[in-house]
Amino acid sequence: MKILSVRSIWIFILLLVHAAPGFTGEEFSPSDGRGTAAVRPSGKFLAGSRGTWEIAYTTDKNGIAAGGGIVLQISPWWGWTPPQARSPSRPGYVTAEVTKGNAGVEVIETSVPWAVVIKVKEVSLKGGDTITITYGDTGGGKHPAASSRIDRYSERGAAFYLKVDGDGDGRFKLLKRNPVIDIIPGPAAKLSLVATSVVAPGEEGSLFLSALDPANNRVEGYRGTLSLTSAPPGLELPATCLLTKGDGGSKRITYKAGSPGIFRVEAVDHDSGLRGRSNPVEVVSRPGPYRLFWADLHGHSGFSDGTGLPRDYYRYARDVSGLDIAALTDHDAFGIPLLDENPQMWEEIRGVTNSFYRPGRFVTFVGYEWTNWTYGHMHVLFRGEKGTIYSSRSENSDNPEKLWAVLPKGGAITIPHHPGGGPINTDWNFYNPAFEPLVEICSVHGVSERSDGPLAIYHPVKGAFVQDALKRGYRLGFLGGGDGHIGHPGMPYADAPSFGLSGIYAKDLTREGIWEALFSRRTYATTGARIILRFTVNGTVMGEEIEAVPPLEVEAGAVVCGPIKSFDLVRNNRVIHSVRSDRMDYTYSGPVERGDYFYVRVLQENSQQAFSSPVWVK
């Protein structure tokens, strides 16, 4: 799981960035963080490409005192070349010169990766003086290997961060506006098809078609005519779908369901040879009282340690991944810059989140990630349009009990994630059912059900897994959350074996309907595959409680996305029945005691998994 070990390194890097002396501090002088900057060349650049960029920084009227300077901070995520000043023939070589003014500067490497200091020497910079910093300086082509590589994921507004120490006291403050470039995708390499999973005969479902590059970036300029077929025949579809330049690389069409059965949609662009196949579509004879909706309630943008803008995050979730529900949950105090120090960023997240909410079409929730390195991480979702960041660094909310004390009861949910290990495990000594009905059992970090399961999370901690929390008597439903950082909510990483999606059974697609389903724990988790999963005990759906009246009538069913390895019924963390079939229906009539809990899990041959929320015996 290479990407996960790299991810842990990135975490260490960012901790260094914010903890190293001279790079942070609560007290700044009036001259810190002042001035303006621009980048040349600007505009659009191919994801993962190499080049040379000049960042021209101009002081304001305060100038920069001798001994002060600038930090050039490059994003430590997603493939950017670390800046360095040691070797003019190696990638990321940085030079700097005063192009207006009489001061001298030198470039100094630091103990903080992905950052260099441009220090002003004996003579101060005056107001209006300019320093030009060259990132990836090839010496006019003499050292082509010194160029720099940019983000391998497409994003608008990729920033070159500058921090300024104006008075020379060693404290650097981030500029309010940093120069940015746009990173665009490569050529289309695949077609993505996402279809509504469950429909009844005669109903219409949605089909989302997108052209993606190898890194799953949406290719906005793609044009092509796609031939569509139902496999097996049974879904009414247009024979073709035309993607034009104005579609932005993706398009939503509808299909109509016929007789009951399991179907997929296949598409091919005969000119380019690109092909795609959808997730399974189940046409059911009689839909139940709840409809199945897909959600990714955990992800990040460039407003913390991810890529891209909040608006683009939701566009991808809705138009490419075909999600019904999404939440952008950027870190409160982890990123460049920090969300809890920049209220304008939080206001933008809230505004964009609310602007994308369309009842019956696409549900969004305002949220953020409470990023505590002692008790564990959890994201906070708010029921309505508003929401306040209660930071993990604040004395009033720096542990879970304090956080729950300030959150609005009934108006917020906290969801612990990567509980079994990863970057930081969950401290299960803290639990509050009024705020914590759910746990994220799988994500890009791995699976936290148990320590010895497939795709188990890295850096496991004994006693921290979801089964350990259930053993304590906690009533926790299961969610899968992507914890994505690459601007692709709802879409698995191209190079990671695990991800996270949630299936949510709700009465309707509104904030109120989804909120009720979350608190009722009518949810299940998958590691990314859109497995359709059902589970009831004595007619009670997943997530609820039943009276201890034997025999227990267990009904479970699944429509999988690949060959199945096992379909397990779990009682009190122990498998009591296992079958190898894409469907199962059976009755369990063994002993029943108060406090028992049951759930089902699906394991495919390719290690993709699904986990129903438990049913508890009162």
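A short reminder: the numbers here are calculations on the coordinates, not readings from a lab. All values derive from a computational prediction rather than experimental measurement. Note that each Cβ is placed from the backbone with ideal geometry, even for glycine, and that neighbours are counted across all protein chains shown.
Miscellaneous remarks
- Gap separating the Cα centres of the stretch 125-154 and the stretch 515-577, nearest whole Å: 55
- Chain lengthening between Glu97 and Glu109 when straightened (0.36 nm per residue, less Cα-Cα): 2.7 nm
- Measure of compaction for the stretch 257-395 (Cα Rg per 2.2 N^0.38 Å): 1.31
- Between Tyr588 and Val554, the built amide H atoms are under 5 Å apart, and every one of these is 5 or more places off in sequence or on another chain.
- Sorted ascending by nearby beta carbons within 10 Å, beginning with the fewest, Phe465, Phe160 become Phe160, Phe465.
- Cα gyration tensor, the stretch 293-528 - rounded (a/c under 1.5), prolate or oblate: rounded
- Within the stretch 247-290: backbone nitrogen closer than 18 Å to the Ala239 label point (7 Å, Cα to C-beta): 254-256, 266-271
- Candidates Asn342, Phe160, Pro408 compared by Cα position along the dipole of the chain: farthest toward the positive end lies Phe160, with charges placed on Cβ.
- For Ser89 and Asp495, the FRET efficiency from 1/(1 + (r/R0)^6), where r spans their Cβ atoms and R0 equals 30 Å, is about 0.50.
- Spread of Cα-to-Cα distances over 10 Å intervals beginning at zero, given as percent, for the stretch 2-184: 10, 38, 37, 13, 1
- Stretching the chain fully between Asp271 and Glu27 yields a gain of 81.7 nm (0.36 nm per residue, less the alpha carbon separation).
- Cα gyration tensor category, rounded, prolate or oblate, for the chain with a/c compared to 1.5: prolate
- Modelled this way, with points 7 Å down the Cα-to-C-beta line, the labels at Glu385 and Asn399 are 3.8 nm from one another.
- In the chain, the calculated helix contribution to ellipticity at 222 nm averages -3000 deg cm²/dmol per residue, counting -39,500 (n - 2.57) for every DSSP H run with n ≥ 4.
- With neighbour counts taken as other beta-carbon atoms within 10 Å, the residues Ile424, Ile504 rank, fewest first, as Ile424, Ile504.
- Cα-centre dipole for the chain with unit charges at Cβ (Lys and Arg positive, Asp and Glu negative), debye to 20: 920
- Förster radius 41 Å - calculated FRET efficiency between Val549 and Val406 (Cβ-Cβ, nearest 0.05): 0.50
- Given charges at Cβ of Lys, Arg, Asp, Glu: the chain dipole, positive-most of Gly487, His298, Ser49: Ser49
- Sequentially through the stretch 400-413, phi angles give Karplus couplings (6.51, -1.76, 1.60; θ = phi - 60°) of x, 5, 5, 4, 5, 5, 9, 6, x, 5, x, x, 8, 10 Hz, Gly and Pro residues having no value and appearing as x.
- Helix axis angle, 310-319 relative to the chain longest principal axis, alpha carbon, degrees: 30
- Gained length - Val579 relative to Thr229, 0.36 nm times residue gap less alpha-carbon distance: 122.8 nm
- The ranking of His270, His485, His577 by Cβ neighbour count inside 10 Å, starting from the fewest, reads His270, His577, His485.
- Two-site FRET efficiency, His459 against Ser285, from Cβ-Cβ distance with R₀ of 41 Å, rounded to 0.05: 0.30
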